[in-house]
Amino acid sequence: MFKHDQWVRPDLKRYRGLLFCSLALGVLTFICAGALMFTSGYLIDFSARMPLFAAIYVPVVLTRAFGIGRPVFQYLERLVSHNWVLRITSHMRRKLYQVLEKDAAFIQERYQTGDVLGLLADDIGHIQNLYLRTLFPTVVATILTVIASLAIGWFDWGFALWMALLLLVQLLVVPAWGLWVEAKRKTAQKAMTHDAYVELTDSVLGLSDWVIAQKEPAFLTQATHSWAKLAASTHKSARFTQFRDLISQLAFGVIPVALLIWTSLTWTGTQTAANWVGAFVLVIFPLDQAFSNIAKGVGEWPTYRDSLKHLNAMQPTTRLLPAQQAIPHTFDTLTVAQLSFQYTPEAQRLLTDISFTIHRGEKIALLGPSGMGKTTLLQLVLGDLTPTSGQVTIDGVSTLAYQQHRSQLFAVLDQSPFLFNTSIKNNVRLGNEAASDDQVAWALAQVQLSDLIAQLPQGIDTPMAEAGFGFSGGEQQRLALARILLQDAPIVLLDEPTVGLDPITEADLIRTIFTTLQDKTVLWVTHHLQGVARCDQVLFLEDGRLTMADTPAHLAAANTRYQHLYALDAGK
Amino acid sequence: MIDKRLLRLPGVQQVMIGLAILTVLQAVVIILQGHFLALGIVHSWAQKALVSLWPFIWGFAGAFAARQVLTWGRNRLAENFARRLADKIQQRLIKQLYALGPQAVAHAGTGNAVTMALDGIIEVQQYLELILNKLLNMGIIPWFIVGYIFWENHLAGIALVIMFPVIILFMIILGYAARDKSQQQYAGFQQMSNHFIDSLRGLKTLQLMGISKAYADNVYAVSERYRKQTMGVLQIAMLSSFAMDFFATLSIAVVAVFLGIDLLHGSVSLYPGMVCLILAPEYFMPIREFGNDYHATLNGKNALAAILDLLDQPAPQLRQALPAYTGWQSDSTLTVSALNYQYADRTGIKDAAFTISGDMNVALIGASGSGKSTLLNLLGGFLQPQSGTPFVVDGQPVADLNDQAWQAHLSYIPQHPYVFADTIANNVRFYRPEADDAAVAQALQAAGLTDWVATLADGVNTRIGEGGRGISGGQAQRIALARTLIDQKRSVWLFDEPTAHLDIETEAALKNTMTPLFAGRLVIMATHRLHWLQQMDLVLVLDQGQIVAAGAPAELAAHSTAYQALVAQMRGEFDV
């Protein structure tokens, strides 16, 4: 199943020294724990023969050494294993980022619902646990099983075989049994958890409806319907786990009994030999801890498997682009010619035969009902999508040939610009990482945020997390606009940047946008007519076709539909 | 570690007593287990034949098995109890969410509430399970064991007793050090652990800026910085369990050496020495487990505290102060006077007074934050004024409108109406589950959804909402309209910005559907879309929580400077 795994296998080869060190320390921890009981047992048995003090000197020293060694090794093991896992995590994060980066243009469409991005990040967390809670303990316990069997085999091969069998029950049989019983139930529980979330979210987000419908009993039933099923199932799991642990512990109890019998049969020939009885019997007890968590760790395997599946399933789409060209210093026209688009030959045609031309410096408004292909058209202009037929060209060269350094050509301001959780300055500077503080200040002044930012305790160095609460939707758009001013691309695509803003904020923002982008070529997708009069041309997109295209003045004078919408929007 | 409210939870004390009895039994069998094992070893050491060992071997096996069975029983008992209690807490929590109402829940954060009622409850259950057993373990088992050890060998017993407070002391000191260190770094931590998700969410922006490829190294570098800081904290945090282990194992070593020397001098015999050595690790086991699980229980403890805080919040009582009110009639009146609402940090509504009667259409207008939504929520009863009796409904004064009769006859449609994860038909039937298919079809017709539903393969049985078919903002509004229309007795309609987020053509179409439906109903709409004003009989202009103008739109347009100024501002570019 995981022959082509790209997320665990390659990383196991990284930092092998640390990995080896961590496992070795894990083994040493338990060896010391066992050896402490071993030497103590021997020390007491031997002392009871009342030898000279000098004779017990070595076991006394060893007892202390092992007593100190156990916690020291355990402490080091924890540090080293965490260090290794965190190093691997850094690699995994970069890798996940790089895989997603290839599809960055569509990340919102593909991963936004239900916070898939958060889940992918969680998947990496699960792999961390796979290492720390399952893989490492199992490997350590396996090594201990081998060492213990070999050590006893030194004296008695027959008994060593029995011991190995008893330890294998702990190492293999119990975890496998647990996994076999629980795997299906865990999968079902995952589905139930999801249902419980949906139901509870329905209840909480739909609360005002529930309240005025006055259906409190139905609300309680609905909110806890799947939860009750989930609780019943987890209860069964808990019962099983308790039972599994009981059986595993009872099976473990056979080991000291076997040791008592074995030592009695083989180590009581002479007094010297009998001194080792306590040592051999007591050594086993600390080892219990090495085995007791394996079943639990292995039980988590269904979760890890799902995470690995998610991560391995991510395959970025590959696109064939023409030979990339350098961005021209200036341009005259951007032409959209007979452009049609559908995602797949079977899918619905989203855009049909769209043609228009924008001259340098012009401002074009693109209107139309939502879901009618406006954003798709912008993606085609940008070159994120390849047209089914027709093309988008700049002075005759397809925009697909400008993808490599596209940010020098196009800037985009969309509905919800992303503001990173860093300082205001760093957010604005994303537009141009070489920008000086003065340039950042200039951009912020252009978008009329200087006064607001001056009031913040740390000015432009204020982190967004602290300032974010104070920034309204309009102000966030202004910050994103400042970023675009620094980016300084000749063509700016605006994708409904004022959606969700109240009309006063909207009007102010539109004014700022048009003032600051005076020299730029602008293609503006909008859902309102507010500010459209400032444009050189208005395009109406309906059912994937251009149905009106004219200057706003002409439309206002002669087109009744435009007049009607304009009057409605203006509130007249 | 322990919230005092924990002990006041129902049934906690009873189950503690049950568990305590089992724990005492367990302490006894642990001693028996050590006793028989020691006897077995001693006899073996004395070179006795296996035959004479059998009683001890059986004794050990029996005690060992009894101990495991007791552990199993305790876990079962604790799990049963924790599960039932967590269930009860969840029921109470969900009841409380309902009682607090949508406004209070939205204020606390809906995502928060959902997480609290699911993940939070799971964590609470684990916490209850762990804490009860571990606490009792630590409170009972070591003392029985050390008592027995002391009885067998005073010196070993004293050494172990002395070690206990030393371990606790170190745990506390190191625990504090770790906490200080991690608190210092917590802010930075959060920032860095969120940085990765932040980078993924912002990928599109990075790509548009042309720096997404190079940013991969930044992702790596930040993750590495996070690793180094984490290791710094772990070094200290893990010291506390190190110290615990260190003292525990060292004590065992010390006890072994003491005993060895005593034996050497012949002042003790082998049995007491052996049994002390066997029992010494058992003495430390409970505190080590307690320490190891400490961090695991923190989340549960915090979740429990958060839930108990929410449960302690006073919830508004649903009133039944309007027994005579049977719905809004054409001659009904609602008089509002001296209405005030104060948020924790700002004024919501100040001294509002107005009268609404019959099937008026009322608009609430004003800049963002002027109090439109607050006023609408007060009229819906979702918020309650803190004092006074500002409402008079058909001659009956009431302190707030969180009233059964009032709410049974109103509907509230927000900007983003919630669509339940269910079929279209069941979404429409929400207020009247008994409504038949014909009624659903009629409501869909009136809401202008018939054509759209006809295009769907499953028609009204198409699932929408989470996990179902996606629907547009306009369609969601229409679903909400149909939901209201199916329940004829709901004749007061409250709208909060129903069309602001829609594109102009969808808005025009939706408006055409809505306006005929206003006839014969009281409509109150908070809006900043000016075109609605033509439909209105009364416009209330709000500014910073106060009604600064009220009247018919034509009248206000002619005489009110506040209205004129606001409209001019809202019209913005259209007047350019």
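The values are calculated or read from the model by the stated rules, or taken from the named source; none is laboratory data. None of these values were measured; they are calculated from a predicted model. Positions of Cβ are backbone-derived with ideal geometry, glycine not excepted, and every protein chain shown enters the neighbour counts.
Annotations for the structure displayed:
- When residues in the range A:468-491 are screened for being among the β-branched types (V, I, T) and away from chain B (no Cβ under 11 Å), 1 of them pass.
- Considering residues of the range A:386-410 that are in contact with a helix residue (DSSP H, G or I) (Cβ under 6 Å, 6 or more places away or on another chain) and within 14 Å of another protein chain (Cβ to nearest Cβ) only, the residue surrounded by the most Cβ atoms within 10 Å (Cβ to Cβ): A:F410
- Strands (runs of 3 or more DSSP E) completely within the range B:390-447 that count 2 or more residues being surrounded by fewer than 18 Cβ atoms within 10 Å (Cβ to Cβ): B:396-398
- Checking B:A178 against (1) at pLDDT 70 or above; (2) surrounded by 16 or more Cβ atoms within 10 Å (Cβ to Cβ); (3) closer than 17 Å to B:M231 by Cβ, the condition it does not meet: (1)
- Residue match in the range A:443-450 (condition: buried (at least 22 other Cβ atoms within 10 Å of the Cβ), more than 9 Å from every other protein chain (Cβ to nearest Cβ) and small (G, A, S)): yes
- Residue selection: A:L250 satisfies the criterion of being within 7 Å of chain B (Cβ to nearest Cβ) and without any contact (Cβ under 8 Å) to a residue 12 or more places away in the chain.
- Matching residues, the range B:449-482, being of a type in the set (G, A, S) and more than 14 Å from chain A (Cβ to nearest Cβ): B:A454, B:A457, B:G459
- Of B:A519, B:A552, all but one fail to be among the hydrophobic types (A, V, I, L, M, F, W, C), surrounded by fewer than 17 Cβ atoms within 10 Å (Cβ to Cβ) and under 25 Å from B:D451 (Cβ atoms); the exception is B:A519.
- Residues of the range A:181-215 that turn out to be assigned to a helix (DSSP H, G or I) and either within 8 Å of another protein chain (Cβ to nearest Cβ) or on the phi > 0 side of the Ramachandran plot (or both), as a count: 18
- Residue count for the range A:46-65 under the criterion of being at the interface with chain B (Cβ under 7 Å from one of its Cβ atoms) and within 24 Å of A:Q289 (Cβ to Cβ): the result is 2.
- All of A:F38, A:F46, A:F20, A:F30 fail the test of being over 30 Å from B:L270 (Cα atoms), of a type outside the set (V, I, T), part of a helix (DSSP H, G or I) and assigned by TED's automatic domain parsing to the domain that holds A:W84, apart from A:F20.
- Set A:A347, A:A273, A:A313: member being in the same structural domain as A:L132 (by TED's automatic domain parsing) and surrounded by fewer than 21 Cβ atoms within 10 Å (Cβ to Cβ): A:A273
- Against the conditions (1) touching a helix residue (DSSP H, G or I) at 6+ places or on another chain (Cβ under 9 Å); (2) in a helix (DSSP H, G or I), B:Q47 satisfies every one except (2).
The rows are residues; the columns are (1) at pLDDT below 95; (2) within 14 Å of chain A (Cβ to nearest Cβ); (3) in contact with a Pro (Cβ under 6 Å, 6 or more places away or on another chain).
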| position | (1), (2), (3) |
| --- | --- |
| B:D3 | yes, no, no |
| B:R8 | yes, no, no |
| B:M16 | yes, no, no |
| B:V28 | no, no, no |
| B:L32 | no, yes, no |
| B:S44 | yes, yes, no |
| B:Q47 | yes, yes, no |
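- Looking only at the range A:177-223, residues that are closer than 23 Å to B:G111 by Cβ, of a type in the set (S, T, Y) and in contact (Cβ under 8 Å) with a residue 24 or more places away in the chain come to 1 in all.
- Candidates B:V114, B:V124, B:V105: the one that is modelled with pLDDT of 90 or more, within 25 Å of the chain's Cα centre (by Cα) and surrounded by 16 or more Cβ atoms within 10 Å (Cβ to Cβ) is B:V124.
Each row is one residue, and each column tells you yes or no for (1) in contact with a Gly (Cβ under 6 Å, 6 or more places away or on another chain); (2) within 19 Å of A:I255 (Cα to Cα); (3) crowded, with 18+ Cβ neighbours inside 10 Å; (4) in the same structural domain as B:I172 (by TED's automatic domain parsing).
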{"residue": "B:Q14", "(1), (2), (3), (4)": "no, no, no, yes"}
{"residue": "B:F36", "(1), (2), (3), (4)": "yes, yes, yes, yes"}
{"residue": "B:A63", "(1), (2), (3), (4)": "no, yes, yes, yes"}
{"residue": "B:R67", "(1), (2), (3), (4)": "no, yes, yes, yes"}
{"residue": "B:L70", "(1), (2), (3), (4)": "no, no, yes, yes"}
{"residue": "B:R74", "(1), (2), (3), (4)": "no, no, yes, yes"}
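- Checking A:E475 against (1) closer than 30 Å to A:D332 by Cα; (2) assigned to a helix (DSSP H, G or I), the condition it does not meet: (1)
- Any hit, the range B:529-548, residues being at pLDDT below 90 and among the acidic types (D, E): no
- Among the candidates A:L419, A:L400, the residue that is modelled with pLDDT of 90 or more and within 32 Å of the chain's Cα centre (by Cα) is uniquely A:L400.
- Candidate set from the range B:390-426 (those that are under 30 Å from the mean Cα position of the chain (by Cα) and among the aliphatic types (A, V, I, L, M)); member that is farthest from the other protein chains (Cβ to nearest Cβ): B:I424
- Residues located in the range B:484-518, provided they are more than 25 Å from B:L334 (Cα to Cα) and in a loop (DSSP other than H, G, I, E, B): B:T499, B:A500, B:H501, B:L502, B:D503
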